[in-house]
Structures are given as C-alpha cells and as structure tokens.
Amino acid sequence: MTATGIEPGESGPVARPSTTCRVRTILERIGDKWAIYVVDRLGEGPRRFTELHRGIDGITGRMLTVTLRGLERDGVVTRTVHAAVPPRVDYELTPLGLTLHDTIGQLVGWAIQHSAEVESARADYDARSCPPPCSADDPSLRPHSTPVSAGWQPEVGAGPLEAAAASFPARHGPIDRMPEFGAVIGKPNVRRPWAACTAP
C-alpha cells in the first residue's frame, strides 16, 4: 500500500480508509520541517531545550515546544525531568525515534548529495519562466515629449488642469481641426473629453 492509500496497479483507494488516515497523520508529523530538524539534532544525543533552540536556526520557542510535544505524543521523543535546582529537562530519541533518525539521515544525505543539481534545475526553470529584464535601449521605454510653442506661459495662479488645457492647442493643434474631437463639436449631448480641463 502506498502513502496515498492506492495499491500499485489500481486506480482508486483501497477499502482501508482508517489505515490511510493514520498513515497520513503520521506523515504530517514526521514530514514537518521542524520535526525533521529536531530528530536530526537529537540523533547526536540528548539535548536540553535551550540547546535545541540554539541549534535549530529560525525556530521560535513556541514552535519548538509544539514540535517536541507532538513528537513525544507520537513516541518519537522522550522527556526526562531531573530533580535539580534549577529544574533540568532533557529530550532524547526513543528506540522508535532512532529508527526514524536513520530514515531522516537518508533524506538529509540525498539533499546534500543532489543540492547542486536542484539549484541548477531551479535556475533553468526561472530562466524559462521569468521574462527577461527590460533593456534601456527599448524604444517603448523612452519618454515621449511634445514640444510646446515658444513663449507660452500659463496664467498666474492657474492650476495644473488649467495649464494643460491652455497648452493643448499649442501642443496638438486647434481642437476643431482634430477629427476625433471636431466630430463632436456643436453637439450638446455628446460628452467632450476635454471638458474637465477647460471647465472654470
């Protein structure tokens, strides 16, 4: 039976949903990245909470607590409280946890052995998926500038809309000579695109 609950050669789930659910919950626990790191560190021997916290980069204290409790509940980790002042708590792999450590060691070894191949595949994928960077010589990126007639100045106190409306004929020619605008001049029910710029 596979991890998905489908036997090789079959197209549907087998009639053992309870087993599939149990396997799935176990995989969710041991497949968590923090659980893998904890088991890997504890494979070197018993560790205190602070030692694990310092040895696993990026994990928070709360996440480490949750991970240790889950592994303890699954029988992978044991927690031993020593009668000392201050109290001392050690975490250690159980015999079941040691078998899991062997499997995780193979996974970590695979990642180390094939890391260069994975990075090369990522770079190739990104090169095929991401668009190339824009070139400074691309004509579509050059700014478009329209010369303004010499000597033109906006009225004193005029805002940007008034200034744009006043400079429109100087930049584009008289409105009534432009086909797209002249066609609607004299028609009161037709919206004029330039009305917002010329309204008082």
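Please determine, by comparing only the residues of the range 11-52 that are hydrophobic (A, V, I, L, M, F, W, C) and at pLDDT 90 or above, which one is farthest from Pro86 (Cα to Cα). Explain how you work it out, then say what you get.
Filtering the range 11-52 down to residues hydrophobic (A, V, I, L, M, F, W, C) leaves 14-15, 21, 23, 26-27, 30, 34-36, 38-39, 42, 49, 52.
Right, trim to at pLDDT 90 or above and you get 34-36, 38-39, 42, 49, 52.
Details: Trp34: 27, Ala35: 27, Ile36: 29, Val38: 24, Val39: 26, Leu42: 22, Phe49: 14, Leu52: 18 Å.
The extreme case among them is Ile36.
Looking only at residues of the range 30-65 that are assigned to a loop (DSSP other than H, G, I, E, B) and small (Gly, Ala, Ser), we find that the one that is nearest to the chain's Cα centre (by Cα) is Gly58.
Checked against (1) in a helix (DSSP H, G or I); (2) over 33 Å from the mean Cα position of the chain (by Cα), Val89 meets all criteria but (1). Annotation note: Cβ proximity below 6 Å between a residue of the range 99-117 that is assigned by TED's automatic domain parsing to the domain that holds Val76 and a residue that is part of a helix (DSSP H, G or I) (sequence gap 6+ or interchain) occurs for Leu100/Val39; His101/Val39; Ile104/Ile36; Ile104/Val39; Ile104/Asp40. Residues of the range 66-86 that are of a type in the set (Val, Ile, Thr), out of contact with any helix residue (DSSP H, G or I) (no Cβ under 8 Å at 6 or more places or on another chain) and outside any strand (DSSP E or B): Val66, Val85.
The values are calculated or read from the model by the stated rules, or taken from the named source; none is laboratory data. Everything numeric in this text was worked out from a predicted model, so none of it was measured. Cβ coordinates were reconstructed from backbone atoms using ideal geometry, including for glycine residues, and neighbour counts include every protein chain displayed.
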